[in-house]
């Protein structure tokens, strides 16, 4: 894992398997029992490459930040935004209704799960 002075790093497949297995085993125990069985937390979310390309193509984009939000059904979703070289979110103006500044429309597992791999078995 990276230290606090840098953001992001690569990990081994073994580390990823360990972490994703631990997450799947514990994801329902980290929320109140009144929410169990509602798939509040996904196993994974898939984003099309175009979202990353558009975010990374923003002027002065130095990183992508992932926030977590909750929809009306109380399911947690990752929300992606570009981050500039000053560590500020690159966001649209307050009057913008649509655009390519904030990514959220992912394919959530379940129900849209990938083929079996060491990260999801």
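All of the numbers you see were taken from the coordinates with simple rules; none came from a lab. What you see is a predicted model, and the numbers here were worked out from it, not measured in a lab. Methodologically, a virtual Cβ is constructed for each residue, glycine included, from the backbone with ideal geometry; neighbour enumeration extends over all protein chains shown.
By count of other Cβ within 10 Å, fewest leading, how are 84, 53 ordered? Walk me through the numbers before you get to the answer.
Working: 84 14, 53 10.
Listed from fewest to most nearby Cβ atoms, that is 53, 84.
Each of 117, 73 was scored by other Cβ atoms within 10 Å of its Cβ. Arranged with the fewest first, they read 73, 117. In this rough spin-label picture, where each label sits 7 Å from Cα along the Cβ direction, the residue 38-residue 67 distance is 2.2 nm.
The stretch between residue 18 and residue 60, if pulled fully straight at 0.36 nm per residue, gains 11.6 nm over its current Cα-Cα span. With a simple spin-label model that places each label point 7 Å from the Cα along the Cα-to-Cβ direction, the separation between residue 109 and residue 25 comes to 1.9 nm.
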